Amino acid sequence: SQTIHQWPATLVQPVGSPLSLECTVEGTSNPNLYWYRQAAGRGLQLLFYSVGIGQISSEVPQNLSASRPQDRQFILSSKKLLLSDSGFYLCAWSLGRAGNTIYFGEGSWLTVV
Amino acid sequence: SQELEQSPQSLIVQEGKNLTINCTSSKTLYGLYWYKQKYGEGLIFLMMLQKGGEEKSHEKITAKLDEKKQQSSLHITASQPSHAGIYLCGADITGANSKLTFGKGITLSVRP
């Protein structure tokens, strides 16, 4: 069966510091991978998605970037965090066909202070 | 404007009562997904609907997609405290791939 893990679960970072959130999927190959952010009162916002290694699409201009160095690894990064980057970040995966369910990781709480 | 509207925003029911929550779009939905979330945790997949008029049930939860494929409802029968949480609908509104647009979610509380 397929599993998805992301880490760290919680982190507190000062403004201007770098960020790296990592996500891995097991039990499948060539999945679509996603990074979402959930902010209070704003619902779930798609940040990046990837259909293959090195293929990243950005949905919203922002202070963040994503990379996919391996087939089942997806990384969310920032060189300098802003206060507005605080939120709950969710990694997700799906099979590479329209109509397939998207499955989410456990989430990572980021607080920028 | 929000492409997926969920209503009501929040709901408090007495244990044992039935309830219905809704998800509405102005666009045709190529796939409609219901998820449940406990605050601060990941989303748990509940059900997916694709065809107009489709209805699916799992335990005491029933989801329906209208014939126009623009509105979905989630009905819980005889609610229990374990049903409490945030219910989110997500939808493919482009038909092109698996990207989902989400509503803001509905917070359900069940009083024992």
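The values are calculated or read from the model by the stated rules, or taken from the named source; none is laboratory data. These numbers were taken from a predicted model, which means no experiment stands behind them. Positions of Cβ are generated from backbone atoms using ideal geometry, with glycine treated the same way; all protein chains shown enter the neighbour counts. We work out accessible area using only protein heavy atoms, side chains counted, and drop any ligands, DNA or RNA first. Shrake-Rupley method; radii C 1.70, N 1.55, O 1.52, S 1.80 Å.
How many percent of all Cα-Cα pairs in segment B:9-53 sit more than 11 Å apart?
Of the Cα pairs, 78 percent sit more than 11 Å apart.
When Cβ neighbours within 10 Å are restricted to other protein chains, what is their mean count per residue of peptide A:35-45?
Mean shielding by partner chains, rounded to a whole number: 4.
With the full set of protein chains in place, find how many percent of the accessible area of segment B:28-73 is carbon and sulfur; take the probe as 1.4 Å.
Carbon and sulfur together cover 47 percent of it.
Give the average, rounded to an integer, of partner chain Cβ atoms located within 10 angstrom of each Cβ in A:46-58.
For this peptide, the per-residue mean of nearby foreign Cβ atoms is 1.
What is the Cα radius of gyration of segment B:42-94 over 2.2 N^0.38 Å, N being its residue count?
1.18
Using mean Cβ contacts within 10 Å as the protection proxy, how do B:74-83, A:11-20, A:82-91 order, highest first?
Those peptides, ordered most packed to least, come out A:82-91, B:74-83, A:11-20.
Summarise the partner chain shielding of B:42-54 as one whole number: the mean count of Cβ atoms from other chains within 10 Å of each residue's Cβ.
That average works out to 3.
For A:Gln13, list long-range residues whose amide hydrogen, built 1.01 Å from N in the peptide plane, is under 5 Å from its own amide hydrogen.
Under 5 Å from the amide H of A:Gln13 lie the amide H atoms of A:Thr111, A:Val112, A:Val113, each far enough along the sequence or on another chain.
Do any GluC sites (Glu not before Pro) in segment B:42-112 lie in a loop, going by DSSP, with at most 14 other beta-carbon atoms within 10 Å of their beta carbon, and if so which?
Answer by residue number: B:Glu59, B:Glu67.
Heavy-atom accessible area per residue, the protein assembly as shown, 1.4 Å probe: how many Å²?
48 Å²
Roughly what percent of Cα-Cα pairs across the protein assembly as shown reach past 31 Å?
22 percent
In chain B, how does Rg compare with the Kirkwood Rh, expressed as the Rg/Rh ratio over alpha carbon atoms?
Rg/Rh for chain B comes to 0.96.
Can you spot the lysines whose alpha carbon is less than 17 Å from B:Lys69's alpha carbon? Ignore those fewer than 8 places along the same chain.
Within the straight-line cut-off, B:Lys69 pairs with B:Lys27, B:Lys51, B:Lys56.
When averaged across all projection directions, what area in nm² does the alpha-carbon convex hull of segment A:46-92 cover?
Spelled out: convex hull of the Cα atoms, projected over all directions, averaged, 3.4 nm².
Using the Karplus curve 6.51 cos²θ - 1.76 cosθ + 1.60 with θ = phi - 60°, work out ³J(HN,Hα) for each residue of segment B:11-16 in order, rounded to whole Hz, and write x for Gly and Pro.
Computed from phi, the couplings for segment B:11-16 are 8, 10, 10, 7, 3, x Hz.
How long, wide and thick is chain A, going by the Cα atoms along their three principal axes, in whole angstroms, largest first?
Dimensions of chain A along the principal axes of its Cα atoms: 38, 28, 24 Å.
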